[in-house]
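In what follows, a structure is listed as structure tokens, so that the remarks can point back to it.
Any read-out appearing in this document is the output of simple, stated calculations on the displayed coordinates, not a laboratory observation. A quick note: this is a predicted structure, and the numbers were derived from the prediction, not measured. In this analysis, Cβ positions are derived from the backbone assuming ideal geometry, glycine residues included, and neighbour counts consider all displayed protein chains.
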Amino acid sequence: MGLEAKLLKDGFLTTTIDAITGWARNSSVWPMPMGISCCAIEMMASGDPKYDIARFGSEVMRFTPRQCDLMIVAGTVTYKMAHIVKKIYDQMPDPKWVIAMGACTSTGGMYRTYSVVQGIDQFLPVDVYAAGCPPRPENLLNALMEIQTIIRESKARDFQDLPKIKA
Amino acid sequence: MEVKEQILVILNELIPGSVIETSDFRDDFTIKIRRENIVEVCELCKSHESLQFKLLEDLTAVDWGRTKNRFSVVYQLFSLISNFRVRLMADVDDKDNSIETVTKVWRSANWAEREVYDMFGITFLNHPDLRRMYMPEEFEYYPLRKEYPLMGIPGALTLPKK
């Protein structure tokens, strides 16, 4: 019998706050689909029934940053776009995580030129890089599982020194 | 009469002295036009009954990197009645890098000319809205000029703070 049966019998279980919040958070990571170019197509594909990102509880792509935990930056970030990406990232509530999806986002990729940011880690704290041009949906799902591991292993005290929002 | 000859006959007859030279490489028919005549030549190509180049397919520029007549502004025209393409070119100098706008002939030239202005710094006189197209407005350089480095000039474009 599963967890439900045990709870029905005794009515309680013991755990730590870190374990229960980590478990709750990692199985409902709501992504902000920052689809800027072709990687966004693979990101959409990972949401379809074949690859089914819902298996990981991340099917709720929110198009408002205020309801998101994870930003998937999927595509070439130009210097002009960087300010917009950063502005959206700043609007996401803490705690939040970032996946740099694909070669362009991680390093500038084949766009070694004046207008493209050579890696978004120059202005965003990236947690996981997904390699590929574009990465296949499996690869994005793997990156998501990495994020889930990071979330599961994070402790409540990790978030205490977050920057305070100025009034 | 073939369209190529027809264009030249009409241009030479109605706007004498406007054609500098022509070239015909693998059916890419190119006419080099004097810069001063560009608007009337375009107007004629569009409105003449037997030409009717009503579609401006593209408007762009080339930086040849030479001292005299450094840039060429390129107009790709298409005629729907004769299914024929012609390329007009007008040389622009580095010092006086301005040319009359053709937005009055084809309205689609508006954004194309803005793009050429953004990338090459060629000024289009009497353009209705000559602003940068792609680069930020405070950007000071023209990235498709030959002297602009591939990776840009450090500090020319800003990133948000980490």
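List every residue pair whose Cβ atoms lie under 6 Å apart, where the two residues are 6 or more positions apart in sequence or sit on different chains, the first residue falls within segment B:88-111 and is in contact (Cβ under 8 Å) with a residue 12 or more places away in the chain and acidic (Asp, Glu), and the second residue, located anywhere, is assigned to a loop (DSSP other than H, G, I, E, B) and surrounded by 15 or more Cβ atoms within 10 Å (Cβ to Cβ).
Between residues of segment B:88-111 that are in contact (Cβ under 8 Å) with a residue 12 or more places away in the chain and acidic (Asp, Glu) and residues that are assigned to a loop (DSSP other than H, G, I, E, B) and surrounded by 15 or more Cβ atoms within 10 Å (Cβ to Cβ), the close pairs are B:Asp94/B:Arg70.
For B:Asp118, only one of the following conditions fails: (1) within 14 Å of another protein chain (Cβ to nearest Cβ); (2) acidic (Asp, Glu); (3) under 11 Å from the mean Cα position of the chain (by Cα). What is its number?
(3)
State whether one or more residues within segment B:40-56 are among the small types (Gly, Ala, Ser), free of Cβ contacts under 8 Å to residues at least 24 places away in the same chain and surrounded by 12 or more Cβ atoms within 10 Å (Cβ to Cβ).
Among the residues of segment B:40-56, at least one is among the small types (Gly, Ala, Ser), free of Cβ contacts under 8 Å to residues at least 24 places away in the same chain and surrounded by 12 or more Cβ atoms within 10 Å (Cβ to Cβ), which makes the answer yes.
Can you find a residue that is without any contact (Cβ under 8 Å) to a residue 12 or more places away in the chain, closer than 23 Å to A:Thr64 by Cα and among the hydrophobic types (A, V, I, L, M, F, W, C) anywhere in segment A:144-167?
Yes.
Taking into account only those residues within segment B:146-160 that are over 21 Å from B:Asp63 (Cα atoms) and more than 7 Å from chain A (Cβ to nearest Cβ), which is nearest to the chain's Cα centre (by Cα)?
At the first step, the residues of segment B:146-160 found to be over 21 Å from B:Asp63 (Cα atoms) are B:154-160.
From what's left, more than 7 Å from chain A (Cβ to nearest Cβ): B:154-156, B:158.
On the way: B:Pro154: 30, B:Gly155: 31, B:Ala156: 27, B:Thr158: 31 Å.
Out of the qualifying residues, it is B:Ala156.
What residue, of B:Ile99, B:Ile81, is of a type in the set (A, V, I, L, M) and assigned to a loop (DSSP other than H, G, I, E, B)?
Exactly one residue qualifies, and that residue is B:Ile81.
Counting just the residues of segment A:129-148 that are more than 12 Å from A:Met43 (Cα to Cα) and surrounded by 20 or more Cβ atoms within 10 Å (Cβ to Cβ), which one comes out farthest from the other protein chains (Cβ to nearest Cβ)?
Step by step, filter segment A:129-148, then rank; the result is A:Gln148.
Of the numbered conditions (1) under 14 Å from B:Tyr75 (Cβ atoms); (2) surrounded by fewer than 20 Cβ atoms within 10 Å (Cβ to Cβ), B:Ala112 fails exactly one; give the number of that condition.
(2)
Of everything in segment A:95-118 that's within 11 Å of chain B (Cβ to nearest Cβ) and either more than 20 Å from B:Tyr134 (Cβ to Cβ) or among the polar types (S, T, N, Q) (or both), which residue is surrounded by the fewest Cβ atoms within 10 Å (Cβ to Cβ)?
A:Thr113
Mind checking whether some residue in segment B:127-134 is facing another protein chain (nearest Cβ under 10 Å) and either in contact with a strand residue (DSSP E or B) (Cβ under 8 Å, 6 or more places away or on another chain) or part of a loop (DSSP other than H, G, I, E, B) (or both)? Spell out how you get there, then give the answer.
Start the filter on segment B:127-134 by keeping residues that are facing another protein chain (nearest Cβ under 10 Å), which leaves B:134.
Those still in the list that are either in contact with a strand residue (DSSP E or B) (Cβ under 8 Å, 6 or more places away or on another chain) or part of a loop (DSSP other than H, G, I, E, B) (or both) too: B:134.
Yes - at least one qualifying residue is present in segment B:127-134.
Taking the stated definitions as given, is B:Leu59 in contact with a Phe, Trp or Tyr (Cβ under 8 Å, 6 or more places away or on another chain), buried (at least 20 other Cβ atoms within 10 Å of the Cβ), over 26 Å from B:Leu157 (Cα atoms) and more than 14 Å from every other protein chain (Cβ to nearest Cβ)?
Working: in contact with a Phe, Trp or Tyr (Cβ under 8 Å, 6 or more places away or on another chain): yes; buried (at least 20 other Cβ atoms within 10 Å of the Cβ): yes; over 26 Å from B:Leu157 (Cα atoms): yes; more than 14 Å from every other protein chain (Cβ to nearest Cβ): yes.
Taking the combined requirement at face value, the residue satisfies it.
Would you check if there is a residue in segment A:72-80 being more than 17 Å from A:Cys39 (Cβ to Cβ), touching a strand residue (DSSP E or B) at 6+ places or on another chain (Cβ under 8 Å) and within 14 Å of another protein chain (Cβ to nearest Cβ)?
yes
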